[in-house]
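To keep things clear, I will list the structure first and then write my remarks on it.
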Amino acid sequence: MRLTLASTSPARLALLRSSGIEPIVVPSSVDEERAVDDATLAAGAPLAPDEVVALLARAKAEAALAVVRGRGEAADLILGGDSVFVLDGVVHGKPHTPERARERWHAQRGRTGTLYSGHWLIDCTGASPVGIGAVASAEVSFADDLDDAEIDAYVASGEPLAVAGAFTIDSLGAAFITRIEGDPSTVVGLSLPTLRRLVRTLGHDWHELRNRRGAL
């Protein structure tokens, strides 16, 4: 049983590998801003954070399925994921620029916010694809003694520019996080317990996905 990961996220890939899973990586091209705007227009109201990550996780998985089919290749399970960080009711994705990352860290130091991770898993082993999804969340608290020099140095590393909320727990940003309530892998961007539950719901065993040497 092979898992296809519809993401180029190094953190998600490393997390799966640490769990004994070597996925097939198929980058999916999704205009995330347009997808959210279209869904918001259709709903007639702004989407909640869990709705945003659920929408984009599904869009990425379905885009990857289209790529696989276009190549004439076979697939077993295809996983799409997306994450956002919420502080004071405001949804934060990737900051992309140093200025925005710095602003976010000044706002969130000494505070607690919520990281939402959406998952969409497509089972391609049957006569037609079947997809199911779930959203996991975790509360993240940041150090209150984080000074401006530390923030500037972290931003200068480039790490926070391309991650939801402008922080990581599995790399340089880990030293600035004092508490996590919930599944820690959710904060990485992929909740392993949630993925396991989805795999089992689709009628497969979690251990079927373990294909890395030493993990069987």
Q | Descending principal axes extents, the stretch 1-111, alpha-carbon based, whole Å | A | 46, 37, 22
Q: Between H106, H92, H119, find the one with the highest GNM mean-square fluctuation for the chain; connect C-alpha pairs within less than 10 Å.
A: H106
(Q) Among I169, G189, H204, whose Cα projects farthest towards the positive end of the dipole of the stretch 169-216, with charges put on the beta-carbon of Lys, Arg (+1) and Asp, Glu (-1)? (A) H204
Q. Trypsin sites (Lys or Arg not before Pro), restricted to the stretch 18-127: which are DSSP loop and have at most 16 other Cβ atoms within 10 Å?
A. R71, R111
Q.
Using the Cα centre of the chain as the reference point, and only Cβ charges (+1 on K/R, -1 on D/E), how large is the resulting charge dipole? Debye, rounded to the nearest 20.
A. 880
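Compute, for the stretch 15-121, the length of the dipole vector about the Cα centre, with Cβ point charges of +1 (Lys, Arg) and -1 (Asp, Glu) only. Units Debye, rounded to 20.
Dipole size: approximately 380 debye.
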**Q.** Area of D38 that stays accessible when all protein chains are in place (1.4 Å probe, Å², to 10)
**A.** 90
Q) So what's Rg/Rh here for the stretch 2-41, counting alpha carbon atoms and using the Kirkwood radius for Rh? A) 1.16
Q.
Based on C-alpha coordinates, I'd like the Rg and Dmax of the stretch 15-80, in Å.
A. 14.3, 43
Q) To the nearest 0.05, how large is the calculated FRET efficiency for N211 and H96 if R₀ is 25 Å and r is the Cβ-Cβ distance? A) 0.15
Q: Please pull out the direction-averaged projected area of the stretch 122-210, using the convex hull of its alpha-carbon atoms, in nm² to one decimal place.
A: 7.3
Q.
Between 0 and 90 degrees, rounded to the nearest ten: what's the tilt of helix 98-108 against the longest Cα principal axis of the chain?
A. 80
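D for the chain, whole µm²/s, Stokes-Einstein with Kirkwood Rh over alpha-carbon pairs at 37 °C and 0.692 mPa s: what number? Please report the intermediate quantities before stating the final value.
On the way: Rh = 17.9 Å.
The diffusion coefficient I find is 183 µm²/s.
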Q: Over every pair of different alpha-carbon atoms in the stretch 61-147, take the mean of 1/r and invert it; report that Kirkwood radius in Å.
A: 15.5
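The values are calculated or read from the model by the stated rules, or taken from the named source; none is laboratory data. Just so you know, these numbers come straight off a predicted model, no measurement behind them. Cβ: placed from backbone, ideal geometry, glycine included. Neighbour counts: every protein chain shown. The protein model used for the area step is the full one, side chains on, heavy atoms only, and it has no ligands, DNA or RNA in it. Shrake-Rupley method; radii C 1.70, N 1.55, O 1.52, S 1.80 Å.
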